[in-house]
1. Pairs 179/250; 250/353; 344/388; 383/413: which are spaced more than 23 Å apart, C-alpha to C-alpha?
2. Ordered by residue, what ³J(HN,Hα) values in Hz, to whole numbers, does the stretch 166-171 give under the Karplus form 6.51 cos²θ - 1.76 cosθ + 1.60, where θ = phi - 60° and Gly and Pro are x?
3. Considering the Cα trace of the stretch 3-273, what is its radius of gyration and what is Dmax, both in angstroms?
4. Residues of the stretch 364-387 with backbone nitrogen within less than 20 Å of a virtual label 7 Å along the Cα-to-Cβ line of residue 404, please, listed as ranges.
5. Would you mind checking the tilt of helix 88-102 against the longest principal axis of the Cα atoms of the chain, expressed as 0 to 90 degrees and rounded to 10?
6. Inverting the mean 1/r over all pairs of different Cα atoms, compute the Kirkwood radius of the chain and quote it in Å.
7. Would you mind counting up the charge near residue 77? Only other residues with Cβ under 12 Å from its Cβ, with Lys and Arg at +1 and Asp and Glu at -1.
8. Give, rounded to the nearest 20 debye, the magnitude of the charge dipole that the chain has about its Cα centre when Lys and Arg contribute +1 at Cβ and Asp and Glu contribute -1 at Cβ.
Amino acid sequence: MTIHPVILSGGSGTRLWPLSREDYPKQLMPLAGPRTMFQDTVTRVTASDFGPPVVVCNDAHRFIIAEQIREIGVDPAVLLLEPHARNTAPAAAVAALWVLDHDPEGVLAVMPSDHLVSETEAFRAAIGRAATVATHRNALATLGITPRHAETGYGYIHAGKALTNGASGLHQVDRFVEKPDAATAERFLAEGGYFWNSGIFVFPAARYVAELERLQPDMLAACRRALGKARKDLDFCRLDADAFAAAPSKSIDYAVMEHVDDAVVLPVDMGWNDVGAWSALWDVGTKDAAGNVSQGDVVTRDTTNSYVRSMGPLTTVLGLDDVAVVVTDDAVLVSAKGRVQEVKGLVETLRAKGREEVVSHPTVYRPWGSYRGIDAGPSFQVKHITVKPGQKLSLQMHHHRAEHWVVVRGTAKVTNGNETFLLHENQSTYIPLGRTHRLENPGKLPLSLIEVQSGSYLGEDDIVRMEDAFGRA
């Protein structure tokens with residue numbers, strides 16, 4: 001039996017706005033340690049019990065995902081690119097179909113990429129135990145988290161009859177329960193037998209596909225077409241966009257688990273937290289004598305039981321209790337800590353107003369490095385560009401803007417029309433409108449430069465690429 005970890009990384013983490021955004025969501029950030037949550041998830045399943053990870057990720061995040069896997073030295077089995085967000089059931093379906101093509105007896109361990117698990121060995125043991133029972137019984141299993149308190153932010157699983165015949169510790173699933181109100185959550189805790197729904201599932205790939213065939217035939221058909229018409233793109237497997245768009249958007253719970261009679265749950269205590277809101281990071285953070293968790297350039301006074309995080313300027317909080325304050329370079333969130341679950345609704349309000357802060361940060365990441373807006377006005381904008389060692393931008397030109405580059409640190413290899421030359425610190429060059437150009441970093445240290453753009457239109461879509469190492473049009 002081979003356990004194939006399936007890591008789902010398609011979410012946008014809107015409850016952790018303004019830090020988490022569509023173009024750079026929470027799983028790609030180091031929120032609770034030196035590695036990102038995605039990297040921690042991959043590392044948890046890097047053991048002899050597991051095969052190489054099958055990663056299903058948002059197409060827009062593909063280069064960041066690939067770079068983060070490379071940084072921790074892991075070779076994935078495949079990177080499946082979702083052209084549209086379709087929730088967890090279709091994502092697991094394409095992973096199951098891919099695994100069946102390579103291992104007809106394979107067992108999937110499907111998990112989100114944005115959860116914290118502090119007890120790695122307990123997690124691995126639970127996955128192994130669930131996989132053994134799922135294989136022996138050809139069953140669909142899930143991990144239920146032993147609740148530590150009455151929580152309204154999680155769904156619950158009510159455990160039924162205990163299993164026997166080599167399956168001790170597991171229970172039949174009596175029912176899945178939606179996120180309860182406070183009184184109901186307190187009752188669940190008092191009665192016992194209720195467990196937090198971890199969103200982690202273990203089942204034979206063939207059994208999951210068979211249930212989709214029975215319960216969600218349209219979804220399975222769309223996923224088959226999307227994988228069958230997929231194309232290789234560098235190190236990625238790009239699912240067919242039109243076919244995948246036809247798949248109904250449903251979670252694994254709704255699509256399958258709630259409709260089968262033999263679903264089983266394994267209760268486990270493994271230091272799990274889904275980091276679904278700012279209060280969760282307060283829960284797991286190191287608190288000072290006043291009960292505050294602070295990160296970044298933060299000073300508090302007469303403030304208690306609060307979460308304060310600054311990614312930019314000095315942030316001061318005076319005379320408040322039980323609040324969450326999160327500051328980025330371009331947005332500030334101040335919320336009662338007990339209402340941070342409602343940040344998702346606030347983000348929807350911002351989206352309806354067309355606010356760009358929902359989508360991207362001032363720093364935008366590209367496969368070659370990043371750029372950051374510094375200033376902008378009528379017919380001009382200024383950016384700070386960082387290029388990774390050995391990387392290069394596309395050979396390109398612009399119809400509507402000229403550019404002036406000033407090297408701040410490192411050495412740049414510049415193609416400017418028919419000339420190619422090196423620029424060192426404090427040197428500059430001018431790229432006239434319409435001229436073919438390219439920027440490269442031939443050195444071993446990051447290249448840092450200031451770019452001043454001027455022209456009638458400065459949008460990122462004013463790029464005509466002649467050559468691109470990353471396959472972008």
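1. Values: 179/250 17 Å; 250/353 27 Å; 344/388 34 Å; 383/413 18 Å.
250/353; 344/388, as the Cα separations exceed 23 Å there.
2. For the stretch 166-171, the Karplus-derived couplings read x, 10, 4, x, 9, 9 Hz, x marking Gly and Pro.
3. In Å, with Rg to one decimal and Dmax whole: 17.7, 53.
4. Taking a point 7 Å out along Cα→Cβ of residue 404, the residues of the stretch 364-387 whose backbone N falls under 20 Å are 372-386.
5. Rounded to the nearest ten degrees, it is 90.
6. Details: mean 1/r = 0.0410 Å⁻¹.
One over the average 1/r among Cα pairs gives 24.4 Å for the chain.
7. Working: positive: none; negative: 75, 101, 103, 235.
Once positives and negatives cancel, what remains is -4.
8. On the way: 47 positive and 57 negative charges, 137 e Å.
That gives a dipole near 660 debye.
Here, each number is a calculation from the coordinates, and none is a lab measurement. None of these values were measured; they are calculated from a predicted model. We place every Cβ from the backbone using ideal geometry, glycine too, and count neighbours over all the protein chains shown.
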